[in-house]
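S.K.: Dropping the structure in here first, questions after.
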Amino acid sequence: MRSLTGTGLIVTALTATVAALLFPLWSYADRTGTAAGAAAADPTAGSVPTRFGPLSATDRDFVERVRLAGLWETPAGQQALERGTTAAVKLAGRHLVDGHTALDQHVRDVGQRLGLELPSQPNAEQRRWLTRLGAAHGGAYDREFANILRFAHGKVFALVGQVRASTRNSAVRELADDAATTVLDHMKVLEDTGLVDFDALASGPPRPAPPASGAEPPPAPAAPHAHDAPEPASPGPDPTPTATPPLSSPSPSSPSPSSPSPSEES
């Protein structure tokens, strides 16, 4: 009897131990069973076969983002060439135009080879950034351009590294190589403007830049009204009298008081 009881206790203890070990594994599987969890745990989730290798959901998202970048950063660069007030801002605009023109041609070729339908216009956030740039002028425009574009390139740069490290698709890998070179070049020329606020970028999207000091001349002061003119401390003589000559002035028809009369001369 004692032997059976001891055996039962041992079996019970072993069962509890196995259950404790299996519970964390079950919990982890449950958490990663969602679509978001599966994508985070496995970057190859949702893969479809292509002649260039498996194409994952992350790969497809990357190709679309590269296309979206060209749709708004190319016109932003063209605008900087026209409205930038410094040589460094204009140079950054030229790099954006040249770089994204070539990269956009590459991404459209990859999209065609992989059978992907790519966007044809910027997304809502990118359109808002273009609107902000269009409303800025002078030095405020330069700061908006440098910080908005640097923020956008920083987001894409992180995705490029992730895709380049994990993709199994040779066409996507080549696009990631091209994108990495282009985006890094753009980040450098934007930083070379000296206008990037790194502390602000670390906390999120850039806020609208304040207008440049002295961008608009101050309004001319209004002419004072008559009742606003200060009154003189004490009345004084009219400095330019015209009605009558001063009493000290001799009359032109009378002899001068200093000249003797004819009777006195005789």
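S.K.: Say whether the condition of being out of contact with any Ser or Thr (no Cβ under 6 Å at 6 or more places or on another chain), open to solvent by 20 Å² or more (accessible area, probe 1.4 Å), touching a residue at least 24 places away in the same chain (Cβ under 8 Å) and of a type in the set (Asp, Glu) is met by at least one residue in region 103-116.
M.R.: yes
A quick yes/no check of all residues on (1) at pLDDT below 50; (2) aliphatic (A, V, I, L, M); (3) open to solvent by 80 Å² or more (accessible area, probe 1.4 Å); (4) out of contact with any strand residue (DSSP E or B) (no Cβ under 9 Å at 6 or more places or on another chain):
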{"residue": "Asn169", "(1), (2), (3), (4)": "no, no, no, no"}
{"residue": "Ala176", "(1), (2), (3), (4)": "no, yes, no, yes"}
{"residue": "Ala179", "(1), (2), (3), (4)": "no, yes, no, yes"}
{"residue": "Val183", "(1), (2), (3), (4)": "no, yes, no, yes"}
{"residue": "Thr193", "(1), (2), (3), (4)": "no, no, no, yes"}
{"residue": "Leu201", "(1), (2), (3), (4)": "no, yes, no, yes"}
{"residue": "Gly236", "(1), (2), (3), (4)": "yes, no, no, yes"}
{"residue": "Pro239", "(1), (2), (3), (4)": "yes, no, yes, yes"}
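S.K.: Moving on to the next point. When you scan region 136-151, do you find a residue that is β-branched (Val, Ile, Thr), under 26 Å from Gly194 (Cα atoms) and buried (at least 19 other Cβ atoms within 10 Å of the Cβ), even just one?
M.R.: yes
The values are calculated or read from the model by the stated rules, or taken from the named source; none is laboratory data. Note that the coordinates shown come from a computational prediction; the quantities given were computed from them, not determined experimentally. FYI the Cβ positions are ideal-geometry reconstructions off the backbone, even for glycines, and counts take in every protein chain you see. Ligands, DNA and RNA are excluded from the accessible area calculation, which covers all protein heavy atoms including side chains. Shrake-Rupley method; radii C 1.70, N 1.55, O 1.52, S 1.80 Å.
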